[in-house]
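Here the structure comes first, spelled out in structure tokens, and everything after it is commentary.
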Amino acid sequence: MDMGRNSERYSDPTPGTAWENMRREEKRLDAARLVVVSALVPILRQTAELAGFEIIGRIPLRDKATGKEYR
């Protein structure tokens, strides 16, 4: 169903606006988690370097709270 239209196909912006408001908070939280992941990867690389290792591939991470995977 189109979020901008009611069952009779007339324009109804209320459901679409409500959906956007719910998604706005989810997007904000996702952006905050991405900042954390972006800061974590260089730290992992530096830690490996200090231990005498080199990370040669991608470092997949999974958020324990959400289950989302970052590659």
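The values are calculated or read from the model by the stated rules, or taken from the named source; none is laboratory data. Quick caveat: nothing in here was measured; it's all calculated off a predicted structure. Note that each Cβ is placed from the backbone with ideal geometry, even for glycine, and that neighbours are counted across all protein chains shown.
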Note to self: Quick check on this structure: which one of Arg45, Arg58 is assigned to a helix (DSSP H, G or I), modelled with pLDDT of 90 or more and not hydrophobic (A, V, I, L, M, F, W, C)?
What the structure shows: Arg45
Margin query: Contact list please: Cβ distance under 6 Å, first residue in segment 52-68 and under 14 Å from Leu34 (Cβ atoms), second residue among the hydroxyl-bearing types (Ser, Thr, Tyr) and outside any loop (DSSP other than H, G, I, E, B), pairs at least six apart or on different chains.
Written below: Leu61/Tyr70
Item checked: Hits in segment 36-71 (condition: surrounded by 10 or more Cβ atoms within 10 Å (Cβ to Cβ) and under 30 Å from Met3 (Cβ atoms)) -> Asp63, Thr66, Lys68, Tyr70
Notebook entry, point to check: Take the residues of segment 3-23 that are of a type in the set (D, E, K, R) and either assigned to a strand (DSSP E or B) or surrounded by fewer than 10 Cβ atoms within 10 Å (Cβ to Cβ) (or both): which is modelled with the highest pLDDT?
Noted result: Glu8
Item checked: Search result, residues across segment 36-71 that are under 21 Å from Glu26 (Cβ atoms) and of a type in the set (D, E, K, R) -> Arg62, Asp63, Lys64, Lys68, Glu69, Arg71
